[in-house]
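Okay, structure first, notes after.
The values are calculated or read from the model by the stated rules, or taken from the named source; none is laboratory data. Note that the coordinates shown come from a computational prediction; the quantities given were computed from them, not determined experimentally. Using ideal geometry, Cβ is built from the backbone for each residue, glycine included, and neighbour counts are taken over all protein chains shown. Surface accessibility is based on the protein's heavy atoms, side chains included, excluding ligands, DNA and RNA. Shrake-Rupley method; radii C 1.70, N 1.55, O 1.52, S 1.80 Å.
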Amino acid sequence: MIAQEDIRKFETFSTPFYYYDLSLLRKTLDVLKKAVDKYGYNVHYAVKANANPRILQVISSYGFGADCVSGNEVSKAIECGFPASKVVFAGVGKSDPEIINALNHDIFCFNCESIQELEVINEIAGKMGKTANVALRLNPGIDAHTNKCINTGLADSKFGIDFNKMEEVVKIALGLKNIKLKGLHFHIGSQILDPEPYRLLCLRSNEMQEKLAKMGVELPEINLGGGIGVDYYKPDENPIPDFDTFIESIHSNLVVKPGQHVHFEFGRAVVGQCGTMVSRVLYIKPASQTNFAIVDAGFTDLIRPALYGSYHKIENLTSQSSETLSYDVVGPICESTDVFDKGIKLPETKRGDLLAFRTAGAYGEIMASQYNLRKLPNVYYSDNQ
Ligand SMILES: *Cc1c(COP(=O)(O)O)cnc(C)c1O
C-alpha cells in the first residue's frame, strides 16, 4: 500500500514521475546481503535495470560490485561508488572504445561471448600493455520458463558460447597472451520465479567444470548471472524477493572447489519493487465495452507493457469511490501500442486522479525515451533529496 502521506506528497509533484522508496531498497539490500554473505558469494548489481545515480550510490554503499553492459555503464558505476575491481562487463557487442575504457579502468573481468571478441580484446589489451581478465559466457541451453523476450539461456539465443564448443574456445583463450582466463559466466534470463532453472544451471556448471578439469584447467570464478524475479501482481504482500530460497538451492547444487568464488548479477530483484511510476489522468473517454483512461504517461515513460506485454499493477491513488468500472489505461503517444493495460477494474476514475504503476523500479526509468519530443519523467525520492 502506498501510504496516505506519500499520496499527499505526490499531489505536489509534477507528473509523470518515478518515485523511489529508498528505505525499501535498503531493506531489500539487507536481505540480499545476508543471504549471500552466509556463503561468501559476491553480487554485482546489474546496472542496466536502473542506473539512477542515487540508486547506484545506495547499492554501492553495501559493498556490492556492478555488472555493466556498455562502456557508459562502466564509467557511471565507477563514478557512483562501485570499485573498478568489482566491475564486470558483459554484452554480445562490445565496441573497441568500450573495451579500451574498461581496460583503462582495470575492471575485474570481461564476460566474453565469442572467439572473435576474445581476439579483439587480446589485441587491444596488447596495444595498451595490459592483461584483460576474462570469463567465458556459456550458453547452457536451459529454458528459464520466462517471457520469451527475456529468456536468454536457450541454445538458439544470440547470447553466449555454445556449450559444446566450450573446450575449443577455452583452448583458444589460453593461447592468447594478453588475456587471463578467470572464469565461467552464465545468465539464463530474467523474471525467474522458480529455483528449478538455477538448479539445472548449477548442474551445467558442474558438468563444465569436470570437462575443464579433464583438460587440466581450473578457473577461480563462477558467475551465475542474474534473473531472480519480483512479484508484479502482489507488490504489497511480497515487497522483497525470497533470496534465501534461491541462494540455498544454489548452495546445495553447485560444486565450488577450494579457492573458487561464486558471483551473481541481480538487477530486477534488487530495484523492481522500490520504484513506482505515477501519472495523472488527463481524460476519460467512454467506449462501448470499457472506458479509456488517458493518462499523461506513455510508453516513453514506462515501456515494459508495450515492449514485452508486461504487467504492472495499476492503482488509483485519488478516487474514494466505492463503485468500480472497467478501464483501458492508455497513454498519449501516437502509437496504438501505447496501452498500459486493458479492461482492468478501478474505482470510478476522473480527470486529475493520480494512478500508480507499481513495481516500476527495474527497466522503467532507464528505458524512458523522448519519442514525440516528450520530456523525460521526473524523479523523486522517499527522503525528499
Ligand atoms: C540483464 C542481465 C542481468 C540482470 O538480469 P535481472 O533479471 O535484472 O536480474 C545480469 N546479467 C546479465 C549478463 C544481463 O544481461
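Mind checking the log10 I(q)/I(0) for the stretch 69-147 at q = 0.11, 0.16, 0.23 Å⁻¹? Debye, one equal scatterer per Cα, no solvent, two decimals. Cα-only, vacuum Debye calculation for the stretch 69-147: -0.30, -0.59, -1.04.
Helices assigned as whole DSSP H runs in the chain whose Cα atoms extend at least 18 Å along their own long axis and whose mean Kyte-Doolittle hydropathy is 1.0 or higher are not found. Count Lys and Arg as plus one, Asp and Glu as minus one, and take only other residues whose Cβ is under 12 Å from that of THR131; the net charge is then +3. Positive contributions from Lys and Arg (+1) and negative ones from Asp and Glu (-1), summed over other residues with Cβ under 13 Å from the Cβ of VAL230, come out at +1.
Where a ≥ b ≥ c are the square roots of the eigenvalues of the C-alpha gyration tensor, would you call the stretch 322-385 rounded, which needs a/c under 1.5, or, failing that, prolate if a/b is larger than b/c, or oblate? Mind showing how you got there, number by number?
On the way: a/c = 2.04, a/b = 1.28, b/c = 1.59.
Verdict is oblate for the stretch 322-385.
With 5 Å bins beginning at zero, the pair-distance distribution over Cα atoms of the stretch 48-186 amounts to 2, 10, 20, 20, 18, 15, 10, 3, 0 %. Computed over the Cα atoms of the stretch 260-342, pair by distinct pair, the Kirkwood hydrodynamic radius stands at 14.7 angstrom. Across the stretch 126-284, the volume of the C-alpha convex hull divided among the residues equals 175 Å³ per residue.
Computed over protein heavy atoms with a 1.4 Å probe, the accessible surface of the chain works out to 43 Å² per residue.
How many percent of Cα pairs in the stretch 238-301 exceed 14 Å?
Every Cα pair in the stretch 238-301 considered, those over 14 Å come to 75 percent.
For the ranges 118-129, 368-379, what's the packing order if you count other beta-carbon atoms within 10 Å of each residue, average per peptide, and put the highest first? Numbers along the way, then the final one.
Values: 118-129: 16.9, 368-379: 14.3.
Going from most to least packed, we get 118-129, 368-379.
The H on the amide N of TYR381, modeled in the peptide plane, is under 5 Å from the matching H of TYR20, each at least 5 residues off or on a different chain.
Compactness of the stretch 201-288 is given as radius of gyration and Dmax, 20.6, 70 Å, from Cα positions.
Relative to the globular-protein estimate of 2.2 N^0.38 Å, the Cα radius of gyration of the stretch 1-120 stands at 1.28.
Hey, in the GNM for the chain with a 10 angstrom Cα cutoff, which one of PRO332, PRO286, PRO220 fluctuates hardest? Checking each option, the largest mean-square fluctuation is seen for PRO286. Over the chain, all Cα pairs binned in 20 Å intervals from 0 give whole-percent P(r) values of 28, 52, 19, 1, listed from short to long.
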